[in-house]
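Please read the structure below before turning to the comments.
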Amino acid sequence: MSKKATIEFDGKKYEFPIVVGTENEVAIQIKSLRGDTGGLITLDPGYKNTGSCESAITFLNGEEGILRYRGYAIEELADNASFLEVAYLLIFGELPTQQQLDKLYADIKRESNVDEEMKKILDGFPKSAHPMGVLSSLTSALIAFNPSAVNVDSEEDMYNAIIKLLAKFPVLVAWTLRKRQGQPLDYGDSSLGYVENILKMMFKKPSENYEVDPVVASALNKLLILHADHEQNCSTSTVRIVGSSHAGLFASISAGISALWGPLHGGANQAVIEMLEGIKQDGGDTKKYMKKAKDKNDPFRLMGFGHRVYKNFDPRAKIIKKSADEVLGKLGVQDPVLDIAKGLEKEALEDSYFVDRKLYPNVDFYSGIIYRALGIPTEMFTVMFALGRLPGWIAQWREMRLKKEPIGRPRQVYTGENLRSFKPMENR
Ligand code: CMC
């Protein structure tokens, strides 16, 4: 007999089915709660206990520090796969054969031009504009140049929309950086791999050749894979909820970029480096900042620490920490903030405030140090996160649309004024 959960309310008992996932995660299915009980709803600010969907893309166990894409461990993927293979895996469900991968990349290259008119939109931004705002706007602007709606009943239509985005997004990322740096805008080099091409588009100087450094390409490949999906986080939930209104793929992704921007989410990688730099300039006194982080009257938080779901360790942070040592060593970069970061981590792991609250370094604690070593400016860190997260957002959007999920529309408990009479201006 299948399990059920019982809710007792106003002296009556109501039964609700239990949904069990493939990794034995259990949930109470409360779809009929309001109807059955005549108005009862659940209240869960920040959705800490609320599952918004059933999904077959990413499995995350925060207690044990497990992260898997389509059943493959993140550690194995980071060591063995290319970012494009992982993108295929996330979006279409299986690792691609060589033939499937070749076709994917050939299709991407064919779509990798961005309408020249888009440059005028970019020109409208001041150089000082934050790259995340620019990227979100440009992604949204792509709709004007690719207006057809995606017919989710057509595999071909879905595929074409996805290819367009995978192809054009890296160009927009590169343009966002180049505009900021006053460099001419350019297109890619189709003789290069997906990640190598991104590097060249970002860093090639007009009058110099650009040789891709394999150490840099491999480090970026790994970072992009580690960021590629993370189930129902803030930006992914945003993408799904915007897409649930049947807004198109580009509009949904543009909204996801805005959600990622915040310092509690993807913006943390920029905030971490700024924090570490601040500590360095302040004499490197990590103890002082640990104290600030623990002081409830001080708004300072240890950026790059803590996670909504990981309560033991973030497996991505483990990989990135090791990678930071390797990459900086291979590139011959000495960055004093790496030592400050390691010092802070050591102190936090021995401090009861952090231990009791299960606060550990997250993916963003060390990623900025690698980005910096690769020559990526601080304000571009969150853009790099968006580039990595793109396949995950697409996969989640595709899954949601193919399953024909209903429009996302939470309820609320109203706590405002009861009905009152309109007050004329002179009486207010
Ligand atoms: N420094 C100091 N105290 C913290 C921190 C921190 N970084 N994070 C959480 N706490 C404390 C918090 O004050 C609270 O204490 P108390 O119980 O005494 O009130 C307790 O720990 C629980 O915190 P919370 O804010 O209720 O936890 P949450 O699950 O809502 O938030 C978080 C998770 C990631 C937003 C939060 O840990 C945080 O703000 N971290 C810093 C920002 C950051 O690094 N974000 C990147 C997340 S990973 C990348 C991504 O996927 O977006």
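Please find, among 401, 372, the residue that is over 15 Å from residue 223 (Cα atoms) and touching a residue at least 40 places away in the same chain (Cβ under 8 Å). Break it down stepwise before answering.
Numbers: 372 fails: over 15 Å from residue 223 (Cα atoms).
One residue alone meets the criteria, 401.
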Just the residues that are touching a Phe, Trp or Tyr at 6+ places or on another chain (Cβ under 7 Å), part of a helix (DSSP H, G or I), of a type outside the set (Gly, Ala, Ser) and within 16 Å of the ligand (Cβ to nearest atom), please, taken from region 207-260. 224, 225, 236, 239, 240, 260
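Take residue 296 and decide whether it is more than 20 Å from the chain's Cα centre (by Cα), touching a residue at least 40 places away in the same chain (Cβ under 8 Å) and surrounded by fewer than 16 Cβ atoms within 10 Å (Cβ to Cβ). Give the derivation first.
Working: more than 20 Å from the chain's Cα centre (by Cα): yes; touching a residue at least 40 places away in the same chain (Cβ under 8 Å): no; surrounded by fewer than 16 Cβ atoms within 10 Å (Cβ to Cβ): yes.
So residue 296 does not fit the description; no.
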Condition first: among the charged types (D, E, K, R) and assigned to a loop (DSSP other than H, G, I, E, B). Now tell me which residues in region 117-126 satisfy that. 117
The condition of being of a type in the set (Val, Ile, Thr) and away from the ligand (no atom under 16 Å from the Cβ) holds, among 355, 327, 363, 309, only for 327
Residues being without any contact (Cβ under 8 Å) to a residue 60 or more places away in the chain and over 22 Å from residue 121 (Cα atoms): count how many of those fall in region 162-198. 6
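Find the residue count for region 340-354, including only residues that are within 26 Å of the chain's Cα centre (by Cα) and surrounded by fewer than 15 Cβ atoms within 10 Å (Cβ to Cβ). Steps first, answer last, please.
Applying the first criterion (within 26 Å of the chain's Cα centre (by Cα)) to region 340-354 yields 340-342, 344-345, 348-349, 354.
When the remaining residues are screened for being surrounded by fewer than 15 Cβ atoms within 10 Å (Cβ to Cβ), the result is 349.
Count: 1.
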Looking at (1) surrounded by 14 or more Cβ atoms within 10 Å (Cβ to Cβ); (2) at pLDDT below 90; (3) assigned to a helix (DSSP H, G or I), can you tell me which one residue 277 breaks? (2)
Within region 164-195, residues being under 20 Å from residue 101 (Cβ atoms) and either under 19 Å from the mean Cα position of the chain (by Cα) or of a type outside the set (A, V, I, L, M) (or both) number 14
Of the residues in region 143-161, how many are in contact (Cβ under 8 Å) with a residue 60 or more places away in the chain, under 15 Å from residue 396 (Cα atoms) and not β-branched (Val, Ile, Thr)? 2
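The values are calculated or read from the model by the stated rules, or taken from the named source; none is laboratory data. Bear in mind the structure is a predicted one, so any value in this text is a computation, not a measurement. Ideal geometry is used to build each Cβ from the backbone, glycine not excepted, and the neighbour counts take in all protein chains shown.
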